[in-house]
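Throughout, read-outs are computed from the coordinates displayed, never taken from laboratory work. Bear in mind the structure is a predicted one, so any value in this text is a computation, not a measurement. Positions of Cβ are generated from backbone atoms using ideal geometry, with glycine treated the same way; all protein chains shown enter the neighbour counts.
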Amino acid sequence: MFRSPTFVDKTGYLPWRNVETTFHALNEGLKRTRPDLGDELFAKLSGMSNRMRAYFEADPDDATGESVKGRDLILDMMDLLKAHGRNP
């Protein structure tokens with residue numbers, strides 16, 4: 001949440017971290033948990049991930065409000081996972 005919308009690590013410990021690597025990790029994690037999530041929830045979360053990335057890429061300077069929509073999707077995804085019995 002704090003590194004969005006670019007997800008760049010400013011500490012220098014993870015210089016490879018960016019939007020691409022962050023969303024790759026998120027989507028791979030969703031794929032690995034697909035059997036537990038079920039196809040319907042997996043599809044919903046995957047779609048939310050794609051929309052979230054689009055919002056962040058549309059507002060890399062956190063200036064237009066699109067990144068706020070992306071952060072809202074993070075919270076929505078967490079709520080869905082909690083409702084499914086997963087602790088995000």
Fill in the blank from the handout: Stokes-Einstein, Kirkwood over Cα pairs, the chain, 37 °C, 0.692 mPa s; D in µm²/s equals 243
Problem - For peptides 35-47, 69-81, sequence by mean Cβ density within 10 Å, most packed first - result: 69-81, 35-47
Exercise for the section: Normalising by the residue count of the chain, find the relative contact order in percent from Cα pairs under 8 Å and 6+ residues apart. Expected result: 27
Handout entry: Within region 24-44: backbone nitrogen closer than 20 Å to the Ala83 label point (7 Å, Cα to C-beta)
Key = 30-31, 33-44
Completion exercise
Given 10 °C, 1.306 mPa s and a Kirkwood radius over Cα pairs, the Stokes-Einstein diffusion coefficient of region 1-43 in µm²/s is 136
